[in-house]
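Right, one structure below, let's go through it.
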Amino acid sequence: MARRKYIVGNWKMNGLLAALGEAAAIFAAAKDHAGVDVALCPPFTLIRPMIAAVPGAAVGGQDCHAAASGAFTGSVAAPMLADIGATLTIVGHSERREGFGESDADVQAKAEAALGAGLDVILCVGEPREVRESGEAVDYVLAQIAGSLPADFDAARLAIAYEPIWAIGTGLVPTVGDVAAMHGAIRAKLAEQAGEGAARTMRILYGGSVNGDNAAELLGAGDVDGALVGGASLTAVKFVPIIAAGAAL
């Protein structure tokens, strides 16, 4: 059975209460594309207000702590996300790995905590530019998967997002052939590590300067099951064309 396209917006550290109108417009437009799953991951401060403004919408966190509670000032636990109505969370984004020094083991622990709290998970992997230029991108990304993938999980609740670090917010995009090759390698690794059934079920998203102009081509590449979108997800006028591109495939 074909995997449904999954289009997810990561608002990062952007958005005040006034931005809820954009979220409402995005989810309203998404109803016209029922064949695509759409979710938004706003800052923690907007999760509950967004859920209240758009009942039934898939709203998630951008990160979570591996512990369920404790003396971790400023952190948010997976059960806290679930408690306020979030249905998913991102873990392992390159901005967490690179900027906060998160290891594969850290990401694995967060993914396991989120799944244990009842959240779906989008687990991010991706290589920096120097690794891509060295020709070692595939090995680098597959090593991240080997170290970050939970030991036991429901494949329907875990997606992988491949985001080449050098393409995030830069306007640079790998060739469609490079994206398809990486996603194919990830699918093969998932089969090796989690089994053929899980590999067939799990969705692999692409992220990195996705926009309305290139979404159809990227989403049509082999083994690309959706997109994790940053800046273009902040407004309906930029995000809805990406959703529409996914629905047209």
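The values are calculated or read from the model by the stated rules, or taken from the named source; none is laboratory data. All values derive from a computational prediction rather than experimental measurement. Here the Cβ is made from the backbone with ideal geometry for all residues, glycine too, and neighbour counts use every protein chain on show.
Here is a list: GLU192, GLU133, GLU127. Which entry is over 23 Å from ALA66 (Cβ atoms), assigned to a loop (DSSP other than H, G, I, E, B) and acidic (Asp, Glu)?
That would be GLU127, the only listed residue that is over 23 Å from ALA66 (Cβ atoms), assigned to a loop (DSSP other than H, G, I, E, B) and acidic (Asp, Glu).
Take GLU127 and decide whether it is more than 24 Å from GLY222 (Cβ to Cβ) and without any contact (Cβ under 8 Å) to a residue 60 or more places away in the chain.
Judged against the criteria, GLU127 is not a match.
For GLU95, only one of the following conditions fails: (1) within 19 Å of GLN193 (Cβ to Cβ); (2) touching a residue at least 24 places away in the same chain (Cβ under 8 Å); (3) in contact with a Lys or Arg (Cβ under 9 Å, 6 or more places away or on another chain); (4) not β-branched (Val, Ile, Thr). What is its number?
(1)
So if I check each of SER134, SER103, which one is in contact (Cβ under 8 Å) with a residue 40 or more places away in the chain, surrounded by fewer than 16 Cβ atoms within 10 Å (Cβ to Cβ) and polar (S, T, N, Q)?
After applying the criteria, what remains is SER103.
Filter region 148-174 down to residues that are at pLDDT 95 or above and loosely packed, with under 15 Cβ neighbours inside 10 Å and give me whichever is nearest to the chain's Cα centre (by Cα).
Taking the candidates together, the pick is ALA156.
This table checks each residue for (1) out of contact with any strand residue (DSSP E or B) (no Cβ under 7 Å at 6 or more places or on another chain); (2) over 27 Å from ILE26 (Cβ atoms).
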position: GLY171; (1), (2): yes, no
position: THR175; (1), (2): yes, yes
position: ARG187; (1), (2): no, yes
position: GLN193; (1), (2): yes, yes
position: ASP225; (1), (2): no, no
position: LYS238; (1), (2): yes, no
position: ALA245; (1), (2): yes, no
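Examine region 143-155 for a residue that is touching a Pro at 6+ places or on another chain (Cβ under 9 Å) and not aromatic (Phe, Trp, Tyr), and state whether such a residue exists.
no
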